[in-house]
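**Q** Quick one: the structure is below, questions incoming.
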Amino acid sequence: MPHFPIVADIPSMYYTGVAEQKMTDHGQDRRREKRLDISSVNLPFLGTRGADHSCFQYVVLDLSKSGIGFAIPNWVVSREGVRKGDTVNFHLPINIGEQYYNQGVIVWTRWDEAIGAQTCGAVLGSKGRPSYPVFISIESGSVSVNLEEFEVRDSLLCRVIKDTAFLKKGVDIYLGHLVPFFSRIARYPREEYPQLKSFLLSDIRSRVREHCDQLEALYVRTRMETPGRSDVARFIDLEELRAVVESEIYVEIFKAAFSDEGIIPYLNAIKDLENRLYFNYNTIVMLYLHSL
């Protein structure tokens, strides 16, 4: 998997050190407090644009008490870049005091030739406590995994994978509800509908079910082999995991094909499940980093 050329020194402990650095002026970024240089988190996370739920990969560059700097790799920008004013969900809890933030509004973007990426700055907003004890802590200057707060028999990795499999199954269930609904609202000639159904419904649901099976198999393997906290990087293939977690559904195509407003609640419900899938994926990336 391609990485950005950010030098990483990732310890095998459960806390990844974050070095403080002074504020430098990037584009229109005007954060005056010190920023934390995330020098050891060099793997892509998954984020989404708020307006259309489009998913993209990003790498965290720095954090402060009011904002986040991140980069979107060149192989993603051509498809899913961001613009100033966009709301972005990072699906990555950032702990400041007693609050957790996971969204932001883009305040600047620019192209960085040195790393071949679109670099961006966002003001943090939208509070929400994480589902798992994995978060970036501004106060302690570290990326933290506090396993003492997780009181379950299964390992944290096993629990996250199990939940991920259930979430993807939920996507399949909603798609199942959409199939008969689309047959009623489709405004296409009778002879064209079977082809449209095959492309927009049957093919997509087939991919979702395949991904459900893959996640279920991964959960069973995790439960049987019970990898230790230091074994996550050897156990998980992040590229394969990302491929089964990412959305199979393009909302705008569905909206264009079926203009009936009745499909919106279904699509929103699916996107809500997918947002939780991205959060789970990012949690596994954090566990992966801490196992190196």
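**Q** Could you please give the count of residues in segment 86-108 that are more than 20 Å from the chain's Cα centre (by Cα) and either on the phi > 0 side of the Ramachandran plot or at pLDDT 90 or above (or both)?
**A** 3
**Q** Restricting to segment 148-179, count the residues that are modelled with pLDDT of 85 or more, aliphatic (A, V, I, L, M) and farther than 28 Å from PRO265 by Cβ.
**A** Residues in segment 148-179 being modelled with pLDDT of 85 or more, aliphatic (A, V, I, L, M) and farther than 28 Å from PRO265 by Cβ: 3 in total.
**Q** Just one of LYS84, LYS65 is surrounded by fewer than 17 Cβ atoms within 10 Å (Cβ to Cβ), within 11 Å of GLY121 (Cα to Cα) and touching a residue at least 12 places away in the same chain (Cβ under 8 Å); which is it?
**A** After ruling out the rest, the residue left standing is LYS84.
**Q** Specify the residue that is farthest from the chain's Cα centre (by Cα); the eligible residues are those in segment 217-237 that are at pLDDT 95 or above, surrounded by fewer than 17 Cβ atoms within 10 Å (Cβ to Cβ) and not β-branched (Val, Ile, Thr).
**A** Going through the qualifying residues, I end up with ARG221.
**Q** Could you list all residues from segment 202-215 that are touching a residue at least 40 places away in the same chain (Cβ under 8 Å) and buried (at least 17 other Cβ atoms within 10 Å of the Cβ)?
**A** Listed by number, the residues that qualify are ILE204, VAL208, HIS211, CYS212, LEU215.
**Q** What pairs come up if the first residue lies in segment 108-129 and is part of a loop (DSSP other than H, G, I, E, B), the second is among the hydrophobic types (A, V, I, L, M, F, W, C), and their beta carbons are under 6 Å apart, counting only those six or more places apart or on different chains?
**A** What qualifies is ILE115/PHE4.
The values are calculated or read from the model by the stated rules, or taken from the named source; none is laboratory data. Everything numeric here is computed off the predicted structure, so don't read it as measured data. FYI the Cβ positions are ideal-geometry reconstructions off the backbone, even for glycines, and counts take in every protein chain you see.
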